[in-house]
Structure formats: C-alpha cells, structure tokens
1. Looking at the range 1-105, what % of its DSSP beta bridges pair antiparallel, to the nearest 5?
2. For the chain, modelled as a Gaussian network with Cα springs under 10 Å, which listed residue fluctuates most, VAL160, VAL43, VAL32?
3. What's the center-to-center distance, using Cα atoms, between the range 1-47 and the range 100-139 in Å?
4. When a/c reaches 1.5 or more, the comparison of a/b and b/c decides; with that in mind, is the range 1-56 rounded, prolate or oblate per its Cα gyration tensor?
5. ³J(HN,Hα) across the range 139-152 via Karplus (A = 6.51, B = -1.76, C = 1.60, θ = phi - 60°), whole Hz, x for Gly/Pro?
6. Among 141-147, 46-52, 98-104, how do they line up by average Cβ neighbours within 10 Å per residue, starting with the highest?
7. Sort the range 43-88 into rounded, prolate or oblate with this rule: let a ≥ b ≥ c be the square roots of the eigenvalues of the Cα gyration tensor; rounded if a/c is under 1.5, and if a/c is not under 1.5, prolate when a/b is larger than b/c, oblate otherwise.
8. What residues have an amide H closer than 5 Å to that of VAL137, excluding those fewer than 5 places away on the same chain, when H is modeled at 1.01 Å from N in the peptide plane?
Amino acid sequence: MAEKAQIGTMWLGGCSGCHLSIADFHESLLDVLELAEFKFSPVLMDTKYDEVPHLDVLIVEGGIRNNENRELAEMLREKADFVIAYGTCAAYGGIPGLGNLHTVEELEEEAYINSCSTVNPEGIIPSEGVPHLESRVRPLHECIDVDLTIPGCPPRSDVVAQAIITLLNGETIELPTTNLCEV
Ligand code: SF4
C-alpha cells in the first residue's frame, strides 16, 4: 500500500444520497485524510472511467439496474483491492429494487410513454445511446465480489468514516447492529 491509501467512490443504481453522507464526514474527514487520499469519485473529481487508477478501497453506492452499472462495477472491481457495498441500494437493491415488481417493458412504457410528465406522441422508447435496463435490479454482491457491506439509507456518516479509518489502520471493523441510517 502506498504511503497514503488511495480511495475511490462510485455511484451506480442509486440516488446519490449515499454520497451526501460522505460529504457529511465533517471533522472525521481530517482523520480519513491522515490515512488516505481520494483518487476517483464522480462527486469530487473529473476522472474519466478509462483513467481510473489502482485503488486500495472503493466505496460503491447503488445496485445494478442497467448494463452500464454492471460494466462499471466489473471494471472498478478490477481496479480495487477492497470494495465496500455502501448503502441499502448497494446492499439489497433498495428503492430501485421496487422496479423488480414490474417487467422491463412495463417500466419503459411508464417512463417513456405513460407518465404524466412525458410528451411522446410517437411512443418512441429509445434503444440507442442510453443504458439498457437489465431484467431485474441486483445488489452489488450478485455482480461482483464485495469485501464489506455497510447498509443504511443513507448510512450514518460517523459509521462510514470510522469503518474506513479502522480498515486503513489494519484493524477489524465492527459495525453497529442497529441504527445504521443517517436519518
Ligand atoms: Fe439513495 Fe438510500 Fe439508495 Fe443511498 S441507499 S443511494 S441514500 S436510496
């Protein structure tokens, strides 16, 4: 491991709310930055996906909803030594997982044709230039190997910060057994 650990974050099929709990690290961020530096994150920096460096720890928000989510998860797994499934969507599918109550065709018709905010008189469902929904939403561990799961919607900032600090100190992470959500 380099002098400071290289950390990355990524969002897949989620709402970006889990990244807000990283933004809420507050003074714990100073403790994290004593041990690590952020090298890849859609929130913190503009790194192209084909320029992602090797990462000691990758924090992944969101599950696998579409082919782009899956391909990015597989690519980033290759880059990262330790992957954290971060938040309830990554852990279990979360709110996007409610889409599993419907077929892909039903979801696309609702999104592109039937919803009250849609104006699409020709009823076109785009098939090019957009990610394709997979047959169902999957938690991250059904797509790639995951080393640690931190549930919560979003997870509590102090729990996440402490988990990262504990991990980078080479100690055993013990998550609280209750009250993992920020609100
Ligand atoms: Fe958003 Fe909650 Fe899913 Fe995190 S777990 S991405 S906050 S819905």
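1. Among the beta bridges of the range 1-105, antiparallel pairing accounts for roughly 5 percent.
2. Comparing VAL160, VAL43, VAL32 in the GNM, the peak value goes to VAL43.
3. 32 Å
4. In terms of gyration-tensor shape, oblate.
5. So the Karplus estimates, Gly and Pro as x, are x, 4, 5, 7, 10, 9, 5, 10, 9, 8, 10, 10, x, x Hz.
6. With the highest mean Cβ count within 10 Å placed first, the list reads 141-147, 98-104, 46-52.
7. In terms of gyration-tensor shape, rounded.
8. ASN100
Values in this text are rule-based calculations from the coordinates and carry no lab data. All of these numbers come straight from a predicted model, not from anything done at the bench. Cβ coordinates were reconstructed from backbone atoms using ideal geometry, including for glycine residues, and neighbour counts include every protein chain displayed.
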